[in-house]
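Worksheet for the structure shown next.
The values are calculated or read from the model by the stated rules, or taken from the named source; none is laboratory data. Please read these numbers as outputs of a predicted model, since none were measured by experiment. All accessible areas refer to the heavy atoms of the entire protein, side chains included, with ligands and DNA or RNA removed. Shrake-Rupley method; radii C 1.70, N 1.55, O 1.52, S 1.80 Å.
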Amino acid sequence: MRARWTTVGALLALAALIALPAMAEEAETDSADRALIHSYNPDAMQLLWATSSVDEDADDYCNVENGDSYTSEVDGEEVTVTLDEDALDEEEELAEACDFTATDVTGPQGQVNHGTVVSAFVHALKANGYTGIGCYVKLIAQTDYGKGDQQIRVGDDPPEATEEEADLDFTVDMTRCGKPDKAGPPDDKGKPDKAGPPEGKGKPSWAGPKDKSSGDHPGKGNGNGKGRP
């Protein structure tokens, strides 16, 4: 009987361990309030990205589907993303809220690697007014953008950056992030500019300069309640 209960207990513990990660993932998805939509064009050496609300009724909801192929065209600072001809729903039009940015990921010496991709994304977020950027940067850091065959080393002949159309698969990652200019911590959560000592721990109001030559200085007593001469 004891062996049977031991087996049952072990099975219940194993089931709990399997269920916990799934529950955590479900909770994280349910609590997501923003989405990062991104893709990478190695030929143009550009990271294409946009942020969106997860609420379909919100004004800043971008209706790009995760894993679908879209045609992107970059002309200067203008980025146009449309459904690829092979997409399932050819009639769907992207919402105006799908405001994509094409970020050049080349390093100062023309190199391209995963580090330059992440670094360029950080600078682009800040330039576009984002302040709480860690949640977005983490998602791009977890990709393979700029790795393997996509690397360009210093001294290599880089491919000519093109602004022609490219068919790219886009990824939609859910996260908890803020909108531009609204992603920082609340004002009352920051550290005070000058944190003074806790109340009651500071120098008492009667304490004057520590001049031991003064007989009025409340220094150490000699046991009879009088200060030292």
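Largest first, how would Asp156, Asp75 line up by accessible area (1.4 Å probe)?
On the way: Asp156 75, Asp75 100 Å².
Correct descending sequence by accessible area is Asp75, Asp156.
Just how much of Ile133 is accessible, in Å², when a 1.4 Å probe is used and the result is rounded to the nearest 10?
That residue has around 30 Å² of solvent-accessible surface.
Quick check: residue separation of Tyr61 and Gln142 times 0.36 nm, minus the Cα distance between them. What number comes out in nm? Provide the component values of the computation, followed by the final result.
Values: separation 81, 0.36 × 81 = 29.16 nm, distance 2.38 nm.
Stretched out fully, the Tyr61 to Gln142 stretch lengthens by 26.8 nm.
If DNA, RNA and ligands are ignored and the probe is 1.4 Å, what is the ranking of Met174, Met45 by accessible area, most exposed first?
So, going from the largest accessible area down, we get Met174, Met45.
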